[in-house]
Amino acid sequence: MKKIVFILGALCLTFCTSSSPEEKLDKLIASYETYQANTEEESPLGVYTESRFEAYARFCDSLKTEVEKIDPKTLDDDTRISHTLLHFVLNETVVKFKFKTHWNPILSDAGFHSSLTYRVRPITNKKSALSYLKLLKAIPEYIDQQKTLIKKGLEAGMGQPLVIFKGYESTYEQHITETAEENFYYSPFLDLPSQLTSAEKDSLRLAAKEVVLNQVIPTFQSVKTFFEETYYPNTRKSIGVSETPNGKAYYQSRIDYFTTLDMTPKSVHEKGLEEVARIKQQMEAIVKEVNFKGTLAEFITFLRTDPQFYAKTPDELLKHARNIAKKLDEQLPRYFKTLPRKPYGVAPVPASIAPKYTGGRYVGTSPESTDPGYYWVNTYNLPSRPLYVIPSLTAHEAVPGHHLQGALNNELPPSIPNFRRNLYLSAYGEGWGLYTEFLADDMGIYTTPYEHFGKLTYEMWRACRLVVDTGIHAFGWSREEAVDFMAKNTALSLHEVNTEIDRYISWPGQALSYKIGEIKIRELREKAENELGGNFDIREFHEVLLEKGTVTLSLLEERINNYIHANK
């Protein structure tokens, strides 16, 4: 708390002594980043107490007030981007505290406990081994702090609905093992680096066994007890967030944040229906192209059930994904002026979270880390993982999607504030990911009508999200209505349809970011192509999109309009 008072005092000093708007903003950014760094130093997993969240919200609100005193028109272009983004993230912290989102750190496919799996990384030296041991020792206190907050959420009627928790026991039961050696959190110690001596390896493994047996496993036993005896019996019955206290206002705040635009539930819903109708026409054209004798619904059933479209083993699925990834790698220099230094790997989703996980996801690392980024492919339940969607999935999660954009964001020059190098806004990041599925068509990655249909079903999936998310959270849809709409309009497996609907129920608004962001980026590209004609350069266009890192869609539109004006 003393650090917070000191930083707030420094803000006052900043505005008494700074001479220019740029200097004032630089000092505000420094205050924000200093606060973040001080918080991270206190615990490897952070501090999750009500007083800490309240203090952070007060700090961000005070900082936001000072940011608002700076006229953005007085700033140069780069600094104005920082000004807009700092205000955006500060406001989000204030809004989230207002709606007590820290009382509900649980999603259908993730949560306060399962998110710890992202922290399990290979050990590269003795320092990283000791750091990882420190992290393991912090797990009990972290879990206890989170449970205290979650109980507040239950009392306030903010718990997630019980319907999303089918199979959720896998997220904690897999970590309740008989021995340390079979525990996922011990796994980095199974293959220690060769430069460590035998004595060092033995010592580290002994310490790891002790903390896993005496702290990690008992903690996950307590998580099991908490969910099954406290949480599940007290979950809410309704699935729409609008039916929770202050739910309608909260949902609008999620639309504001996840789209970064001025939209309403109705405008999002109608845009979704419009996109569904457009994409459906393209899907029906492919049904005719392959001479399928039946309706679109029957064609989708054919795709879901014919063995030719599915891998027989996890290795086969992974090899297919790696093959597509290398084909995409080959095309990158033709479409991008700047490529990231950090490579990426293709790996299976960890078994401990795979049953409730999506078909694939990108997992990034910090610039300082010796680990690559990872494109995770879900090899659980192979009959639900069609091969014809792998080109789209790979483009989105690996390159030129999340890995390329995320790694470039981390590698922005030192002139860009650190908070921007670590910033992720879904409208930009997920919009970019979905745009790259469209870009992969330009690259020649889709080689069969079925892969083209896979691209369309992924696009349809995101269009359906606009309809389903708003349907659930603003217009009173039941889970069955949402599942039926998604199953009818996409070729996703029924397993994926159900896991996705549970995700939208548990994470209001996030699913809107993909299609809204992609629509904006494709609109901007079409505008640039039409207005520049022969002067349009796809590599230069992508450079303008990516070179300043994560931005809001309004900032992105402004940047592309300036690019068009400068090159006419």
Here the relative contact order (percent) of the range 341-420, from C-alpha pairs under 8 Å and at least 6 apart, is 32
Once phi is turned into θ = phi - 60°, what whole-Hz ³J(HN,Hα) does the Karplus curve with 6.51, -1.76 and 1.60 give for every residue of the range 529-546, x standing for Gly and Pro?
-> 4, 5, 7, 9, x, x, 7, 6, 10, 4, 5, 5, 4, 5, 4, 5, 5, 9
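Ordered by packing density, taken as the mean number of other Cβ atoms within 10 Å over each peptide's residues, highest first, how do 459-468, 323-332 rank? Numbers along the way, then the final one.
Numbers: 459-468: 26.0, 323-332: 16.8.
Highest mean packing first, the order is 459-468, 323-332.
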Roughly what % antiparallel, to the nearest 5, for the DSSP beta bridges in the chain?
-> 50
So, counting K/R as plus one and D/E as minus one, what does the shell of residues with Cβ under 9 Å around Gly433 add up to?
-> -4
The farthest towards the positive end of the charge dipole of the chain, of the residues Tyr310, Leu45, Ala285, given +1 on Cβ of Lys and Arg and -1 on Cβ of Asp and Glu, is Leu45
Work out, step by step, the length gained on full extension between Glu368 and Ser51: first 0.36 nm times the residue separation, then minus their alpha carbon distance; give nm to one decimal.
-> 111.0 nm
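List the trypsin sites (Lys or Arg not before Pro) in the range 160-206 that DSSP assigns to loop (not H, G, I, E or B) and whose Cβ has at most 14 other Cβ atoms within 10 Å. Which are they?
Taking the range 160-206 and a limit of 14 other Cβ atoms within 10 Å, the loop trypsin sites (Lys or Arg not before Pro) found are Lys166.
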The rounded separation in angstrom of the Cα centers of the range 530-545 and the range 312-335 is 27
Reduced to Cα centres, the span from the range 412-430 to the range 19-64 in Å works out to 17
Once label points are set 7 Å from the Cα along Cα→Cβ at both Ser415 and Lys69, what is their separation, rounded to one decimal in nm?
-> 2.8
Please identify the GluC sites (Glu not before Pro) of the range 143-230 that satisfy two criteria: DSSP loop assignment and at most 12 other Cβ atoms within 10 Å. Which are they?
-> Glu178, Glu182
If you average the sequence gap of Cα pairs under 8 Å that are 6 or more apart and divide by the length of the range 248-518, what percent do you get for the contact order?
-> 28
Label-to-label distance, nm, for residues given as Phe438 and Lys209 (7 Å Cα→Cβ offset) | 5.7
Using only the alpha carbons of the range 313-420, determine the length spanned along each of the three principal axes and report them from longest to shortest in whole angstroms.
-> 48, 32, 19
Please state, rounded to one decimal and in Å, the Kirkwood hydrodynamic radius that the range 114-237 gives when every pair of distinct Cα atoms enters the mean of 1/r.
-> 15.9
What's the exposure ranking of Phe112, Phe453, going from fewest to most Cβ atoms within 10 Å?
-> Phe112, Phe453
Reachable aspartates and glutamates from Lys127, criterion Cα separation under 13 angstrom, eight or more residues apart if same chain | Glu200
Set Lys73/Lys266; Lys27/Lys147; Lys96/Lys152; Lys280/Lys515 screened for pairs whose C-alpha atoms are more than 27 Å apart | Lys73/Lys266; Lys27/Lys147
Aspartates and glutamates near Lys271 by alpha-carbon distance under 15 Å, same-chain residues fewer than 8 away left out - which ones?
-> Asp262, Glu459, Asp469, Glu518, Glu523
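List the trypsin sites (Lys or Arg not before Pro) within the range 226-310 that DSSP assigns to loop and that have no more than 15 neighbouring Cβ atoms inside 10 Å.
Those satisfying the criteria are Lys237, Lys293.
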The chain - mean residue ellipticity at 222 nm from DSSP helices (-39,500 (n - 2.57) per run, n ≥ 4, rounded to 500) = -19500 deg cm²/dmol
Starting with the fewest neighbours, write out Arg322, Arg58 ranked by other beta-carbon atoms found within 10 Å of each beta-carbon.
-> Arg58, Arg322
Within straight cross-link reach of Lys100, meaning Cα distance under 20 Å, which aspartates and glutamates are found once same-chain residues fewer than 8 apart are removed?
-> Glu50, Glu54, Asp61, Glu92, Asp144, Glu155, Glu243, Asp256
Over the chain, what is the relative contact order in whole percent, taking alpha-carbon pairs under 8 Å and six or more residues apart?
-> 16
Per the Cα gyration tensor, the range 248-518 corresponds to an equivalent ellipsoid with semi-axes, largest first in Å, of 28, 25, 17
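Is the C-alpha gyration tensor of the chain telling us rounded, prolate or oblate? Criteria: a/c under 1.5 is rounded; beyond that, a/b larger than b/c is prolate, otherwise oblate. Walk me through the numbers on the way to the answer.
Details: a/c = 1.34, a/b = 1.08, b/c = 1.24.
Verdict is rounded for the chain.
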How much length is gained on full extension from Ala347 to Val290, taking 0.36 nm per residue of separation minus their Cα-Cα distance?
-> 17.2 nm
The simple spin-label model distance between Asn567 and Glu526, using points 7 Å out along Cα→Cβ, in nm, is 1.9
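Let me check I've understood the local charge: for Met460, count other residues with C-beta under 9 angstrom from its C-beta, Lys and Arg +1, Asp and Glu -1. What total comes out?
Result for the neighbourhood of Met460: 0.
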By the scheme Lys and Arg +1, Asp and Glu -1, what is the net charge of all other residues having a beta-carbon under 11 Å from that of Ala325?
-> +1
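Values quoted throughout were computed directly from the atomic coordinates according to the rules given, and no laboratory measurement underlies them. Just so you know, these numbers come straight off a predicted model, no measurement behind them. Note that each Cβ is placed from the backbone with ideal geometry, even for glycine, and that neighbours are counted across all protein chains shown.
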